[in-house]
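The values are calculated or read from the model by the stated rules, or taken from the named source; none is laboratory data. Just so you know, these numbers come straight off a predicted model, no measurement behind them. Neighbour counts run over all protein chains shown; Cβ positions are idealised from the backbone, glycine included.
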Amino acid sequence: MTVAVSTRLDDVTAHDQLRAQVAEALLRVLPARAILSAPEDTRPYECDGLAAYRQLPMIVTLPDSEAQVLAVLRVCRELGVPIVPRGAGTGLSGGAMPIADGVVLSTARLNRIVHLDAYSRTAVVQPGVRNAAISEAAARHGLYYAPDPSSQIACTIGGNVAENSGGVHCLKYGLTIHNVLRVRMATITGEIVELGGAALDAPGLDLLSVFIGSEGMLGIVTEVTVKLIPKPAVARVIMASFAQVSDGCHAVAALIAAGIIPAGLEMMDQTSSRMVEPFVHAGYDTDAAAILLCEADGTAEEVEEDIARMSAVLGAAGAVAIAVSQSEAERLRFWSGRKNAFPAAGRISPDYYCMDGTIPRKRLGEVLAGIAEMETKYGLRCANVFHAGDGNLHPLILFNANIADEFARAEAFGAEILALCVEVGGTITGEHGVGIEKIDSMCAQFAPAELEAFFAVKRAFDPAGLLNPDKAIPTLNRCAEFGKMRVRGGLLPFAHLPRF
Ligand SMILES: Cc1cc2nc3c(=O)[nH]c(=O)nc-3n(C[C@H](O)[C@H](O)[C@H](O)COP(=O)(O)OP(=O)(O)OC[C@H]3O[C@@H](n4cnc5c(N)ncnc54)[C@H](O)[C@@H]3O)c2cc1C
């Protein structure tokens, strides 16, 4: 998809006038170097990791303090201009995709670790700090920040909070929401609000949980307090091979049923392992229909015991080969294949579309079989590499955008996968968020009253609907157009409800 360019002269003029007006107002509150408006400067911001969708922003701002964030919000509020917050732009659902007449608020310059307290095992960081940078800073105290998205070398904690991001170690250690104590944020009305606190629980309604995962629609994160935990003394990972994908799926459920919570439990099908092995040389069994990576961590004794228990369960579930990492270098090598699987897709396909749905673990086999049938139906290949322990699927649909209708087929394929996730009792996103990508699938997941409840929460934080509008929550009209709601007598149910 290319940038939406209006061909009408009066539209172009109106857009340029608005840009000039907003830039002038911003120049009164920000230094010139914090404002980008020339297309050659704003081009790098035209998309996030969902690069099929692009939109040049009107203006990009780069505030370097909370006061400057508030100033940008004030200008936009007064001029009625929408704002799209942006961290590193690694999001995969279009959450940070700009709006043509909107301002992108980048947190790239809010990148300071404010305070790291080894005694209370917490770190206070600005939103633009990279996920991996927190663990790098904490390492000298033997501590780290547990949630580890595969994008952790680039993605920011602000983006992680907005998406409630996960990673391979979240099965045991929890998602962002379980590892954040406090969020400080700027509201569109110009207030600074702190949600949560230094203690494990905070008084009042749990608005921290409402905010985490709200995809930039409720406020701008300006500071985050995260928990740090001790680095385990030892970690080892098992690579188990399966001749049938269904055996691997059964092994996942069997491990959890046996009362074992691995530090990571990831599955890669053969398409994925063959895609990544020549790239990373992780030592994967490329003859296996599926491989499972199961990590144990803790003291040396705990790890030895867990590895023995996990190996027994995997063997009983039908593993045809089991390899256990013999050194830290080998453990990291096993994981490097998994962590590089998405980029490796680029080696076998010009484009890929990464889906993200979550299902009950025990339905894994049936859903993967359903996806295999869809490959034939849509004439496109799909690689599956995912957080099996959490039931969080990441089908990578491979396509070539230069071939007419391939992207449309990939989108339809993705939507059908999400519909299947909902059908088996799951949800349309595990960790990548809804953004623009899955907005229509929200109509399949939620009833009109539920969508209205979501809008009511948004209105409470953002009455004018200026923060990341048209993302994550579909209007009822949109759902009707999408065909998921019945229109009776030419009228929508809840037609009186406001649209953002
Ligand atoms: C190769 C690859 C692997 C990935 N692996 C994983 C994975 O394992 N697990 C996972 O969960 N995700 C993964 N992702 C997705 C992505 O990295 C995460 O969603 C990440 O949290 C996005 O962070 P970001 O800083 O890039 O945010 P952006 O993409 O810039 O923004 C994401 C959302 O957050 C909002 N936002 C950003 N900053 C703020 C702020 N300060 N205040 C309010 N809202 C804000 C934006 O408006 C947008 O809606 C992967 C992506 C890639 C490209």
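Looking across the range 165-175 at every residue that is over 10 Å from the mean Cα position of the chain (by Cα) and in a loop (DSSP other than H, G, I, E, B), the one that is surrounded by the fewest Cβ atoms within 10 Å (Cβ to Cβ) is identified as Gly174.
Cβ-Cβ under 6 Å, sequence separation 6+ or interchain: first residue in the range 290-303 and surrounded by 14 or more Cβ atoms within 10 Å (Cβ to Cβ), partner of a type in the set (S, T, N, Q). Which pairs? Taking only residues 6 or more apart or on different chains, the pairs are Ile291/Ser241; Ile291/Ser273. Please verify whether the range 207-224 includes one or more residues that are surrounded by fewer than 18 Cβ atoms within 10 Å (Cβ to Cβ), β-branched (Val, Ile, Thr) and within 15 Å of the ligand (Cβ to nearest atom). Yes, the range 207-224 has at least one match.
Is there a residue being in contact with a Cys (Cβ under 7 Å, 6 or more places away or on another chain) and within 11 Å of the ligand (Cβ to nearest atom) anywhere in the range 94-117? Yes, that holds for at least one residue. Cβ-Cβ distances below 9 Å connect the following pairs, each with a first residue in the range 201-223 that is closer than 19 Å to Asn179 by Cα and modelled with pLDDT of 95 or more, a second residue that is surrounded by fewer than 14 Cβ atoms within 10 Å (Cβ to Cβ) and aliphatic (A, V, I, L, M), and a separation of six or more residues or different chains: Glu223/Val114.
Of the numbered criteria (1) in contact with a helix residue (DSSP H, G or I) (Cβ under 7 Å, 6 or more places away or on another chain); (2) within 21 Å of Glu194 (Cα to Cα); (3) acidic (Asp, Glu), the one Asp101 fails is (2).
Conditions (1) more than 30 Å from the chain's Cα centre (by Cα); (2) more than 25 Å from Cys354 (Cα to Cα); (3) assigned by TED's automatic domain parsing to the domain that holds Arg184, marked per residue:
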| residue | (1), (2), (3) |
| --- | --- |
| Leu26 | yes, yes, no |
| Asp41 | no, yes, no |
| Tyr45 | no, no, no |
| Leu56 | no, no, no |
| Asp64 | no, yes, no |
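Considered as a group, the residues in the range 130-179 that are near the ligand (Cβ under 10 Å from one of its atoms) and of a type in the set (A, V, I, L, M) include one that is farthest from Pro232 (Cα to Cα), and that residue is Ala162. When the range 87-146 is limited to residues that are among the hydroxyl-bearing types (Ser, Thr, Tyr) and in contact (Cβ under 8 Å) with a residue 40 or more places away in the chain, the one that is farthest from Cys170 (Cα to Cα) turns out to be Ser106. Of the residues making up the range 444-454, none is buried (at least 23 other Cβ atoms within 10 Å of the Cβ), out of contact with any helix residue (DSSP H, G or I) (no Cβ under 8 Å at 6 or more places or on another chain), not hydrophobic (A, V, I, L, M, F, W, C) and not assigned by TED's automatic domain parsing to the domain that holds Ile212. Restricting the first member to the range 55-79 and to residues that are among the basic types (Lys, Arg), and the second to residues that are not in a helix (DSSP H, G or I), the beta-carbon pairs closer than 6 Å and six or more apart or on different chains are Arg74/Gly190; Arg77/Ile188.
Residues are listed down the side, and each one gets a yes or a no for (1) more than 19 Å from Gly95 (Cβ to Cβ); (2) touching a strand residue (DSSP E or B) at 6+ places or on another chain (Cβ under 8 Å); (3) small (Gly, Ala, Ser); (4) surrounded by fewer than 20 Cβ atoms within 10 Å (Cβ to Cβ):
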{"position": "Ile177", "(1), (2), (3), (4)": "no, no, no, yes"}
{"position": "Ile188", "(1), (2), (3), (4)": "no, yes, no, no"}
{"position": "Gly196", "(1), (2), (3), (4)": "yes, yes, yes, no"}
{"position": "Ala202", "(1), (2), (3), (4)": "yes, yes, yes, yes"}
{"position": "Ile229", "(1), (2), (3), (4)": "yes, yes, no, yes"}
{"position": "Pro232", "(1), (2), (3), (4)": "yes, yes, no, yes"}
{"position": "Ala240", "(1), (2), (3), (4)": "yes, yes, yes, no"}
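Among the residues of the range 352-376, those that are within 14 Å of the ligand (Cβ to nearest atom) and either free of Cβ contacts under 8 Å to residues at least 60 places away in the same chain or not small (Gly, Ala, Ser) (or both) comprise Tyr352, Tyr353, Cys354, Met355, Asp356, Thr358. Filtered by the rule that a residue be within 18 Å of Pro31 (Cα to Cα), polar (S, T, N, Q) and assigned to a loop (DSSP other than H, G, I, E, B), the range 51-82 gives a lone residue, Ser65. Which of the residues that make up the range 459-486 are more than 20 Å from the chain's Cα centre (by Cα) and crowded, with 16+ Cβ neighbours inside 10 Å? Answer for the range 459-486, where residues must be more than 20 Å from the chain's Cα centre (by Cα) and crowded, with 16+ Cβ neighbours inside 10 Å: Phe461, Asp462, Gly465, Leu466, Thr475, Leu476, Arg478, Cys479, Ala480, Phe482, Lys484, Met485. Restricting the range 28-50 to residues that are aliphatic (A, V, I, L, M) and assigned to a helix (DSSP H, G or I), the residue that is farthest from Met97 (Cα to Cα) is Ala32. No other residue among Ala449, Ala456 is more than 16 Å from the ligand (Cβ to nearest atom), under 30 Å from Val69 (Cα atoms) and modelled with pLDDT of 70 or more apart from Ala456.
Scan the range 180-189 for residues that are within 12 Å of the ligand (Cβ to nearest atom) and aliphatic (A, V, I, L, M) and jot them down. Let's see the steps before the verdict.
Quick first cut of the range 180-189, residues within 12 Å of the ligand (Cβ to nearest atom) only: 183-188.
Within the range 180-189, Val183, Met185, Ala186, Ile188 qualify.
Within the range 72-93, the set of residues being more than 8 Å from the ligand (Cβ to nearest atom) and hydrophobic (A, V, I, L, M, F, W, C) comprises Val72, Leu73, Val75, Cys76, Leu79, Val81, Ile83. When Ala123, Ala138, Ala162, Ala133 are checked against the criterion of being assigned to a helix (DSSP H, G or I) and more than 21 Å from the chain's Cα centre (by Cα), a single residue qualifies: Ala138.
In the set Ser93, Ser150, only one residue is not in a helix (DSSP H, G or I) and not assigned by TED's automatic domain parsing to the domain that holds Leu181; that residue is Ser93.
Scanning the range 422-438 for residues that are crowded, with 21+ Cβ neighbours inside 10 Å, β-branched (Val, Ile, Thr) and over 16 Å from Ala162 (Cα atoms) gives a single hit, Ile428. Residues in the range 306-352 that are surrounded by fewer than 14 Cβ atoms within 10 Å (Cβ to Cβ) and of a type in the set (S, T, N, Q): Gln326, Ser327.
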